[in-house]
């Protein structure tokens, strides 16, 4: 008997030490709590009530609404002139005249640089003289041949006609060579900087100057794979630049690449921006923004979303009880969440106190907005 008493005391000490170190096991707590709840039910205590039901919980409800969500894409891009060209020397020679003033406006065909063309002018005069001589020979031969002279045969007449054609072709070549000594603007636009001056000698392939037609700029930027659905020709884009803080310029998409970059997983997009007032310059960095409104979809406060092992859900209140309906979260904006759900629009959903609910829980509701407490 004495040994039995010692064993019981030892077990008690061990149990107390375990309780202090690790707490009471959940199984014992549940058994103990269940017993207390059963005693309360029998005696009419505060926890009394039908099996499977707890006490009434007060929650805040609001009708389920639907609204469109504005998709916004922000990215960075650069701008170039819609038409731009590097003017390259096609002939070598000494510069005798220039009109290469930076930022000067030029019209298509204006001479912007003139090379020494004395040799080409002389070559043209020689070619023209040969042509005139060949023309005179043909005229004389044709006159003799038409008068029935036996001196001019058909073969001789044909030979002088061929000589005339060759002389005319040489004149054309000489005119082209002379024309090439004058470098002209390929289109109307604005000149860039150039370091070529009168007296310099240029070689074939040298860069003379750049010409930009910046009345329309071409903004180029990258769009990630997840936002490809925003792209469509003619879709508006909005750009801004640190140079003009608070000013927004509108453009339209004109083209985009047909494939994604294998490294960045994005596609290149081009948009035209009207720049008739010449405020923007080629090479500027742009902050690009694109927007699109989705079809209306259910929207709930973030406090209405609860989670369990099946995922996200909301609680729908009806006839004093609640039921949980799964949702798929599509978008977030601040404390608003756009979702896909089977809950009907207009249903009363729990917006506050949802974390305390269980299926079939008894509730008292207080509506937000125009609603009154129930």
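The values are calculated or read from the model by the stated rules, or taken from the named source; none is laboratory data. Being a predicted model, the structure only gives us computed values, none of them experimental. Cβ atoms come from the backbone with ideal geometry, glycine included; neighbour counts cover every protein chain shown.
Only a single criterion out of (1) crowded, with 19+ Cβ neighbours inside 10 Å; (2) at pLDDT 90 or above; (3) more than 30 Å from residue 271 (Cβ to Cβ) is not satisfied by residue 161, namely (1). Sort out which residues of the stretch 315-369 are touching a helix residue (DSSP H, G or I) at 6+ places or on another chain (Cβ under 7 Å) and not in a strand (DSSP E or B), and write them in order of number. Matches in the stretch 315-369: 335, 354.
The rows are residues; the columns are (1) surrounded by 15 or more Cβ atoms within 10 Å (Cβ to Cβ); (2) over 30 Å from residue 292 (Cα atoms); (3) assigned by TED's automatic domain parsing to the domain that holds residue 347.
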position	(1), (2), (3)
61	yes, yes, yes
97	no, yes, no
107	no, yes, no
114	yes, yes, no
118	no, yes, no
131	yes, yes, no
140	no, yes, no
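In the stretch 74-89, the condition of being more than 30 Å from residue 283 (Cβ to Cβ), in contact with a strand residue (DSSP E or B) (Cβ under 6 Å, 6 or more places away or on another chain) and either modelled with pLDDT under 95 or crowded, with 18+ Cβ neighbours inside 10 Å (or both) is met by no residue.
Residue by residue, here is whether (1) free of Cβ contacts under 8 Å to residues at least 12 places away in the same chain; (2) farther than 30 Å from residue 248 by Cβ; (3) surrounded by fewer than 13 Cβ atoms within 10 Å (Cβ to Cβ) holds:
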residue: 290; (1), (2), (3): no, no, no
residue: 297; (1), (2), (3): no, no, no
residue: 305; (1), (2), (3): no, yes, no
residue: 322; (1), (2), (3): no, yes, no
residue: 325; (1), (2), (3): no, yes, no
residue: 330; (1), (2), (3): no, no, no
residue: 342; (1), (2), (3): no, yes, yes
residue: 355; (1), (2), (3): no, yes, yes
residue: 362; (1), (2), (3): no, yes, no
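Would you confirm whether or not the stretch 242-251 contains a residue that is buried (at least 16 other Cβ atoms within 10 Å of the Cβ), under 28 Å from residue 330 (Cβ atoms) and at pLDDT 90 or above? No, the stretch 242-251 contains no residue that is buried (at least 16 other Cβ atoms within 10 Å of the Cβ), under 28 Å from residue 330 (Cβ atoms) and at pLDDT 90 or above. Answer with yes or no whether residue 136 is out of contact with any strand residue (DSSP E or B) (no Cβ under 9 Å at 6 or more places or on another chain), closer than 30 Å to residue 105 by Cα, outside any strand (DSSP E or B) and modelled with pLDDT under 95. Considered against the rule, which asks whether it is out of contact with any strand residue (DSSP E or B) (no Cβ under 9 Å at 6 or more places or on another chain), closer than 30 Å to residue 105 by Cα, outside any strand (DSSP E or B) and modelled with pLDDT under 95, residue 136 comes out as no. Residues in the stretch 234-254 that are assigned to a loop (DSSP other than H, G, I, E, B) and touching a strand residue (DSSP E or B) at 6+ places or on another chain (Cβ under 6 Å): 234, 235, 241, 248.
Here residue 312 qualifies as in the same structural domain as residue 363 (by TED's automatic domain parsing), at pLDDT 90 or above and either assigned to a strand (DSSP E or B) or buried (at least 17 other Cβ atoms within 10 Å of the Cβ) (or both). Within the stretch 259-268, one or more residues are surrounded by 13 or more Cβ atoms within 10 Å (Cβ to Cβ), free of Cβ contacts under 8 Å to residues at least 60 places away in the same chain, within 23 Å of residue 83 (Cα to Cα) and within 13 Å of the chain's Cα centre (by Cα). Test each condition in (1) touching a residue at least 40 places away in the same chain (Cβ under 8 Å); (2) in a helix (DSSP H, G or I) for residue 160 and report the one that comes out false. Looking at each condition in turn, residue 160 falls short on (1).
Does any residue of the stretch 147-154 turn out to be more than 30 Å from residue 275 (Cα to Cα), surrounded by 15 or more Cβ atoms within 10 Å (Cβ to Cβ) and without any contact (Cβ under 8 Å) to a residue 40 or more places away in the chain? Yes.
Results for (1) surrounded by 16 or more Cβ atoms within 10 Å (Cβ to Cβ); (2) outside any loop (DSSP other than H, G, I, E, B), shown as yes or no for each residue.
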| residue | (1), (2) |
| --- | --- |
| 178 | yes, yes |
| 187 | no, no |
| 199 | no, no |
| 209 | yes, yes |
| 216 | no, yes |
| 222 | yes, yes |
| 226 | no, yes |
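Does residue 283 qualify as being within 15 Å of residue 76 (Cβ to Cβ) and surrounded by fewer than 18 Cβ atoms within 10 Å (Cβ to Cβ)? For residue 283, the condition - within 15 Å of residue 76 (Cβ to Cβ) and surrounded by fewer than 18 Cβ atoms within 10 Å (Cβ to Cβ) - is met.
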